[in-house]
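Taken together, the values in this text are just the output of simple stated rules run on the coordinates, not laboratory data. In this text, all values refer to a predicted model and were calculated from it rather than measured experimentally. FYI the Cβ positions are ideal-geometry reconstructions off the backbone, even for glycines, and counts take in every protein chain you see.
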Amino acid sequence: MPTWPASLPQHPLIKEYAETPQSNVIRSPMDVGPAKTRRRSTATTTEAEVVYLLTSGQRQTFLDWLNNDIAGGALPFEWPRPRAGVESVLIKGDPPYNMEPAGQKWRLSMTLEIQP
């Protein structure tokens, strides 16, 4: 399985990092009384919003890795999740990332789907 390149920052900007677990509960309203709830499945995904600051060289490394190693974002890869170790993730979204100038660096933001 491909891995997040060692030459790229290994930790996203913590001030802009956020994790959102996906709901794993189904609620069914009843004619009378409280709604019934049940677990949807035994495993769910979590979305992580990440932002990295990249140099121009790192920007090119990211683009090459994205296109060549993970097929433009179609393949999962191992990613160093803050405080949790290495996780299998997919890049989620269309477009898959946003890259904009930030002074002398590039600001890369994307949503990662942490796999169960």
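Between 0 and 90 degrees, the angle of helix 56-68 with respect to the longest Cα principal axis of the chain falls at about 60 degrees. Applying 1/(1 + (r/R0)^6) with r as the Cβ-Cβ distance of Lys105 and His11 and R0 = 25 angstrom yields a FRET efficiency of 0.95. By the Kirkwood approach, averaging reciprocal distances over each pair of separate Cα atoms, the stretch 33-116 gets a hydrodynamic radius of 14.6 Å.
Can you tell me, using C-alpha contacts under 8 Å and at least 6 residues apart, the relative contact order of the stretch 14-114 as a whole percent? Relative CO of the stretch 14-114 lands at 28 percent.
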